Amino acid sequence: MLKNFLKIALRSLWRSKDFSAINILGLAIGMAAAMLIGLWVQNEVSYDRFYTKTNRIYRLFTRDIYGGSLQVWPRSSNLMAADLKSNYAEVEEAARFRNVHFHVFHDDKHFNSGGAFADSGFLKIFSLPLLQGDPATALNGNQNIVLTARLAKSLFGNENPMGKMVRTEDGNDVFMVTGVLQDLPINTEFTFQFLLPWSYLDKLKWENPSWTSTTAPTYVLLKPGANEADFDKKIRNITGKHADQGGGLKRETITQPISRAHLYSKDVNGELLTGQITTVRLFLVIGFFILLIACVNFMNLSTARSEKRAKEVGIRKVVGARRTSLILQFIGESTLLAVFAFVLALVIVQFGLKAFDEIINTHLEINYADPRFWLSAAGFILFTGIIAGSYPAFFLSSSRPVKVLKGAARQGNRQFSPRKILVVLQFTFAIVLIIGTIIIQKQLQHARSREAGYDRNRLVFAFSQGGNFTHFESIKRDLLATGAAVSVTRTYSPMTTVWSSVTDLSWSGSTPDDKKQNFIQFDADADFVKTTGTKLVAGRDIDLKTYPTDSTAVMLNEAAVKAMRLTDPVGKIVTDNKGGNYHIIGVIKDFILESPYDPISPMLIQGLRANYPVIHYRLNPAISIAEALAKAEKVFKQYNPQYPFEYIFVDEGYNRKFRAEQREGTLGTLFAGLAIFISCLGLFGLATYMAEQRRKEIGIRKVLGATVASIAALISADFIKLVGIAVVIATPIAWYAMNVWLQGFNYRIDITGWVFLAAGLLAVLIALLTVSYQAIRAAIANPVKALRSE
């Protein structure tokens, strides 16, 4: 029987090669899109879930009220880890972690690598596999270093790196390799190439040992059987217990399972409820509906061809075939077609995976050697085959043999046939995707066109390293003298990133509640305003050479002046929690340092720091960028010969702020295009079939004098009506979905009616172009051929 079913299925597919090709291509594209989305989703949900103790690892967050709202951030006091490990029986291990960017040297080889400081317990918590070394001792000493296998290979080639010495930064710090770590997988939040002991960070005095300073990402490993909720209650007010200032400190510490860290990183009213999971869910829905659209194509074309199969079904019923066997036959045919489509989908995915990787900025691959892949593939094919073949199977198997064999199986042109409903469903989803893509692109453009508050053109920054720290004044002088730059300054952080913030400040007229106000801390040297192109609203720029007292000077941005309720801020005094007094010398116009989608935060720009890690300089506009960079390279190489010349354009760093929305927009465009293409495939097939079915009617109309245009319009009208209905249904759905999406941005567009009008007209135009070829072809056909048998 199985052999007979297979023969019938193959013969049926072969007899209708055009329709079979359309079905297979549509299903293949839908399956390929679903597979790509599935690979990406699987990668996203697997983040940091591969550790042997994953279900016992937690990340600590601090929660407090700032600016009148409850906020959460993934850092705690650097005193927290030691206290938890010593005083809480539930804690098996605790460790701090902080990223750092250092050059690593060995002999004449050096690499600019991202690394991290970590407590010795870090390797115990995360069970990251060491290829060499002991995880219990690898980070114990001040001068130990653990390298990833990739960095070890780059520095030492095929030599054994264990026990060998490497240098960082200016060469004064030498470290012994005490471990080689297996390269980190792509599905982890950690991206370091080396690990240095936290004790070395303490030696550098980069951390403030304070319970109120939350600068250290901290992780804990709870003992087996420990209850997270109970532990959460115990540590909730741990900061207040150690640093209570007259009972006013309400800061809380909360935990989050490491398995949720990647997907749930954003807080809503102080709870970690959203984040990347929103995008994951969105694209799961998109993947499902694209596959559904492809399945709908199969349903439509199969039911449209029902007359050709109806007599076959009638005869088989007369000779005793049961409805169950007929249903199995048609689902078997659709599953066989799904097998062919899956093979083609694999080819599409394999050729498209590299381009898809570039869009999502990661690396995905299919593990063909994994039996789970083939098991999933079998389930995927069966699911697709059943979904695609279910309606045609039940539709065809339900026909009555007497009516069929009398030629009465034809349904006619019912106003609301299931086939029309399916076409509307297809285009509804495609139009929703089109509208969503347009709104995402508009929101992206809206944020990009927002006034940044400073001039990004030709503004470059580099991280201070080696001789840059000690020879800055000479570097600045020579950059200006050679004409490479027109202005140079030093800052604590780049113009595109927040590295530090401060609270607990007071000023004339401040209240106890004002101590909760969070200020971005952005330290700068002389010529900050001139170099960055920020604008002074009042007062002057910081200038330590001309005004030595600027070591205690600050500038405020407009948001800070507003938050402090100062009417004439220049000359006023700001006091920190250590009793330090800073005099306000100027006010600058607000500029975007954080997300361009959020309101600008209050900011203090201070005038003194022991080391300014970032050098900003503006390239000379009178010469080409290439020439200016070549001159700058000679200057940096003169004072820092052992380091490569590196630079980052500020506008490139600024554009990275839009990466997530740009990726969503690109993916939305891609999948909207696929949805439209698959829908049009089905529409083309249906138009072909309808033109064939109405061949004699068209012939009679032509004989009676109908024009080609009127006949083409007649055939196209039904399909255009269906697309119009889809536009009406899709509009409120898309409005609601995108309105919810936009709520995640403080700085956002208003959804206007022209977006829906444009998407609707585009869908109608695409549908018209799709069916017009077959409509015109049918209209210009010779009526004699159509009426010859009459």
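Once the chain from Asp513 to Leu284 is taken as fully extended at 0.36 nm per residue, the excess over their C-alpha distance is 78.0 nm. Under a 5 Å amide H cut-off, with hydrogens placed 1.01 Å from N, Gly539 pairs with Val587 among residues at least 5 apart or on other chains.
Mind checking the per residue accessible area of the chain for me, 1.4 Å probe, whole number of Å²?
Here the residues of the chain average 46 Å² of exposed surface.
Taking the square roots of five times each eigenvalue of the Cα gyration tensor of the range 257-301, the equivalent ellipsoid has semi-axes of 35, 9, 5 Å, listed largest first.
How many percent of the accessible area of the chain is carbon or sulfur, using a 1.4 Å probe? Show your work: numbers first, answer last.
Details: 20850 of 36190 Å².
Solvent-exposed carbon and sulfur of the chain make up 58 percent of the total.
Binning the alpha carbon pair distances of the range 571-613 at 5 angstrom intervals from zero yields the distribution 5, 15, 21, 19, 21, 14, 4, 0, expressed in whole percent.
Cross-link pairs exceeding 32 Å between alpha carbons, from the set Lys266/Lys530; Lys234/Lys562; Lys442/Lys562; Lys205/Lys637: Lys266/Lys530; Lys234/Lys562. Of Lys250/Lys589; Lys545/Lys572; Lys203/Lys223, which ones are farther than 27 Å apart at the Cα? Listed pairs above 27 Å: Lys250/Lys589; Lys203/Lys223. Rounded to the nearest Hz, the phi-derived 3J(HN,Hα) couplings of the range 499-506 under the Karplus curve 6.51 cos²θ - 1.76 cosθ + 1.60 (θ = phi - 60°) are 10, 8, 9, 9, 10, 6, 9, 9, where x marks glycine and proline. Less than 5 angstrom separates the built amide H of Thr137 from none of the residues sequence-distant by 5 or more or on a different chain. Using the Karplus relation 6.51 cos²θ - 1.76 cosθ + 1.60 with θ = phi - 60°, the per-residue 3J(HN,Hα) values for the range 282-287 come to 4, 6, 4, 5, 4, x Hz, with x marking Gly and Pro. Pop out the Kirkwood hydrodynamic radius of the range 100-144 from its pairwise C-alpha distances, inverse of mean 1/r, in Å to one decimal. Computed over the range 100-144, the radius equals 12.1 Å.
Peptides 748-757, 44-53, 23-32 ranked from most to least packed give 23-32, 44-53, 748-757, packing being the mean of other C-beta atoms within 10 angstrom over each peptide's residues. Against the criterion of solvent-accessible heavy-atom surface with a 1.4 angstrom probe, Ile387, Ile145 sort, most first, into Ile387, Ile145.
Close amide H pairs (under 5 Å, H built 1.01 Å from N) link Thr362 with no residue at least 5 positions away or on another chain. Sorting the Cα pairs of the range 532-618 by distance into bins of 5 Å, from 0 upward, gives 3, 13, 22, 24, 22, 12, 4, 0 percent per bin.
With +1 on each Lys and Arg Cβ and -1 on each Asp and Glu Cβ, and nothing else charged, work out how big the dipole of the chain is about its Cα centre, in Debye to the nearest 20.
The calculation lands at about 4820 debye.
Highest average first, the peptides 439-445, 103-109 ordered by how many other beta carbon atoms sit within 10 Å of their residues are 439-445, 103-109. Dipole orientation for the range 594-716: of the candidates Leu681, Gly699, Ala660, Gly699 has the Cα lying most toward the positive pole (charges on Cβ; Lys, Arg +1; Asp, Glu -1).
The aspartates and glutamates whose alpha-carbon is closer than 13 Å to the alpha-carbon of Lys696, local same-chain residues fewer than 8 away aside, are Glu790. Computed on the Cα trace of the range 665-760, the radius of gyration divided by the Kirkwood hydrodynamic radius gives Rg/Rh = 1.16.
Per-residue Karplus couplings for the range 570-585, computed as 6.51 cos²θ - 1.76 cosθ + 1.60 with θ equal to phi - 60°, are listed in order as 4, x, 6, 10, 10, 10, 8, 6, 9, x, x, 10, 10, 9, 7, 10 Hz, Gly and Pro entered as x. Convex hull volume of the C-alpha atoms in the chain, normalised per residue: 220 Å³.
Projecting the Cα atoms of Thr168, Gly121, Leu201 onto the dipole axis of the range 106-216, where Lys and Arg carry +1 and Asp and Glu carry -1 at the beta carbon, places Gly121 farthest toward the positive end. Using only the C-alpha atoms, the convex hull of the range 126-224 corresponds to 138 Å³ per residue. Of all aspartates and glutamates in the structure, those lying under 12 Å Cα to Cα from Lys233, and not within fewer than 8 positions of it along the same chain, are Glu252. Computed from Cα atoms, the angle from the helix 472-481 axis to the main principal axis of the chain rounds to 70 degrees.
Estimated from the Cβ-Cβ distance and a Förster radius of 51 angstrom, the FRET efficiency linking Val347 and Ser551 is about 0.15. Over the Cα atoms of the range 161-279, the radius of gyration divided by the Kirkwood radius equals 1.03; this is the Rg/Rh ratio.
Over the range 547-680, the reciprocal of the mean inverse Cα-Cα separation, the Kirkwood hydrodynamic radius, stands at 19.6 Å.
Here the scattering of the range 511-581 is modelled by Debye summation over its C-alpha atoms, one equal scatterer each and no solvent; at q = 0.12, 0.18, 0.26 Å⁻¹ the log10 of I(q)/I(0) is -0.36, -0.82, -1.53.
One Cα centroid belongs to the range 63-120, the other to the range 651-679; the line between them spans 33 Å. Can you compute log10 of I(q)/I(0) for the range 689-741 with the Debye formula, treating each Cα as one identical point scatterer, at q = 0.14, 0.23, 0.32 Å⁻¹? Evaluating at q = 0.14, 0.23, 0.32 Å⁻¹ gives log10 I(q)/I(0) of -0.53, -0.86, -1.14.
The values are calculated or read from the model by the stated rules, or taken from the named source; none is laboratory data. All values derive from a computational prediction rather than experimental measurement. With ideal geometry, Cβ positions are generated from the backbone for all residues, glycine too; neighbour counts draw on all protein chains shown. Ligands, DNA and RNA are excluded from the accessible area calculation, which covers all protein heavy atoms including side chains. Shrake-Rupley method; radii C 1.70, N 1.55, O 1.52, S 1.80 Å.
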